[in-house]
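The values are calculated or read from the model by the stated rules, or taken from the named source; none is laboratory data. Source: prediction; values computed, not measured. Here the Cβ positions follow ideal geometry from the backbone for every residue, glycine too, while neighbour counts run over all protein chains shown.
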Amino acid sequence: MATQPFATQATPDTMRVLYRAAIDCQHSIDSDQVTLHRNPNLPGNALSQLADRLDAEEARLRSKLIGGPISGGSSVGDHVSNLRLRAKPEFITFTGADSDTDINEMLALSDQYPIEWGILFSPKLQGTGRYPALSTIKRIASTPGFRLAAHICGGDARAVIAGGAFPHDGLVASYFLRAQINTADPEVDPSRIKSWADRLGVRAILQCRESFPGDQNVDYLYDTSGGRGDSPLNWPDFRASKSPCGYAGGLNPDNVAAQIKRFAPESGRYWIDMESGVRDDLDRFSLEKCRAVCENVYGERS
């Protein structure tokens, strides 16, 4: 939990906000007891999930009480201070770990921050660039401690949309929590994607390029970039959506704090996804950039 108490600044109003934050975590509170419920889609146990959410709310309220965020500078502390009036993402998806990525370093970062690792699948590109070899995917998947999302592209995505079997259904069903179908097809049927995902026991993700759709069949990622690293001029508001929502497009260590200020409200639940923004000049997946993103969003952790 946060190390500094509110002391005399802890008014009934601010405490009620903290209680609401706890309840929004699906925990139940009455006058006699608190019942904790773990969200299986987030890292950590029920108590640590509650602590993370209350820490974020307390930081936001304290920032308001002392007169707002600190401005200026480009340190990690400045980035985090500038985010105190905004809801932070529940987790960050880093997409594109490749065959040269150090799995132990990935695991160490997962131990410190709420991370989902997006693994790219493509029948034509597997084993090249940001599409790791199947042997690498299996090594990552069989390592305890990772939260994984399969990002399915090309012919594999078209096969899922058409209702056919994904060649790696068994792998996804055994080790992955979510599966994203990368497509620009406007006629894709979310209910059919949900049926496929339900058979595997995973949550499906589809991309959207305008406002967030209103159906609840799948999670939606707003992504006009498609891995090219382009940021949109405007980000849609996710609060009216009935499904979990995420944001992608041009996010990187240098701009993530500023972009979150553009699309994140004072409260709400969402995630962010990065692909090109965490690759180096040689198009290699960069865990150093992933760490920089995490520090600029959540602060430094040891």
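Points to keep in mind about this one:
- Pair list, Cβ under 6 Å, 6 or more apart: segment 147-175 residue at pLDDT 95 or above, other residue among the acidic types (Asp, Glu) and assigned to a strand (DSSP E or B): Arg147/Glu116; Ala149/Glu116
- Members of segment 286-302 that are buried (at least 19 other Cβ atoms within 10 Å of the Cβ) and acidic (Asp, Glu): Glu295
- Being among the polar types (S, T, N, Q), closer than 28 Å to Lys194 by Cα and either surrounded by 18 or more Cβ atoms within 10 Å (Cβ to Cβ) or outside the structural domain of Val293 (by TED's automatic domain parsing) (or both) is a property that holds for Ser225.
- Inclusion of Glu116 among residues that are among the charged types (D, E, K, R) and surrounded by fewer than 21 Cβ atoms within 10 Å (Cβ to Cβ) is not warranted.
- Residues satisfying the stated conditions in segment 212-231, i.e. touching a strand residue (DSSP E or B) at 6+ places or on another chain (Cβ under 9 Å) and under 16 Å from Ala184 (Cα atoms): Phe212, Pro213, Val218, Asp219, Tyr220, Leu221, Tyr222, Asp223, Thr224, Ser225, Gly226, Gly227
- Which listed residue, of Gly170, Gly155, Gly163, is farther than 21 Å from Trp271 by Cβ, touching a Lys or Arg at 6+ places or on another chain (Cβ under 8 Å) and not in a loop (DSSP other than H, G, I, E, B): Gly155
- Only a single item in (1) buried (at least 17 other Cβ atoms within 10 Å of the Cβ); (2) without any contact (Cβ under 8 Å) to a residue 60 or more places away in the chain; (3) over 15 Å from the mean Cα position of the chain (by Cα) is not met by Arg279, and it is number (2).
- Scoring Tyr220 on the criteria (1) part of a strand (DSSP E or B); (2) surrounded by fewer than 16 Cβ atoms within 10 Å (Cβ to Cβ) leaves a single failure, condition (2).
- The residues of segment 156-189 that are exposed (fewer than 13 other Cβ atoms within 10 Å of the Cβ) and more than 17 Å from Arg203 (Cα to Cα), listed by number, are Ala162, Gly164, Ala184, Asp185, Pro186, Glu187.
- Residue selected from segment 231-249 under the condition of a type in the set (Gly, Ala, Ser) and touching a Phe, Trp or Tyr at 6+ places or on another chain (Cβ under 8 Å), by the criterion surrounded by the fewest Cβ atoms within 10 Å (Cβ to Cβ): Ala240
- Hey, Arg239 farther than 12 Å from Phe94 by Cβ, assigned to a helix (DSSP H, G or I) and assigned by TED's automatic domain parsing to the domain that holds Ile181 or not: no
- Residues satisfying the stated conditions in segment 118-150, i.e. small (Gly, Ala, Ser), farther than 14 Å from Thr101 by Cα and outside any loop (DSSP other than H, G, I, E, B): Ala149, Ala150
- Taking first residues from segment 181-209 that are hydroxyl-bearing (Ser, Thr, Tyr) and partners that are in a helix (DSSP H, G or I) and surrounded by 14 or more Cβ atoms within 10 Å (Cβ to Cβ), the Cβ contacts under 6 Å between residues at least 6 apart in sequence or on separate chains come to Thr183/Ala157.
- Residue within segment 191-213 that is modelled with pLDDT of 95 or more, in contact with a Pro (Cβ under 9 Å, 6 or more places away or on another chain) and over 23 Å from Met106 (Cβ atoms) present: yes
- Segment 250-267, residues that are surrounded by 17 or more Cβ atoms within 10 Å (Cβ to Cβ) and either out of contact with any helix residue (DSSP H, G or I) (no Cβ under 9 Å at 6 or more places or on another chain) or under 18 Å from Arg130 (Cβ atoms) (or both): Gly250, Leu251, Asn252, Pro253, Gln259, Phe263, Ala264
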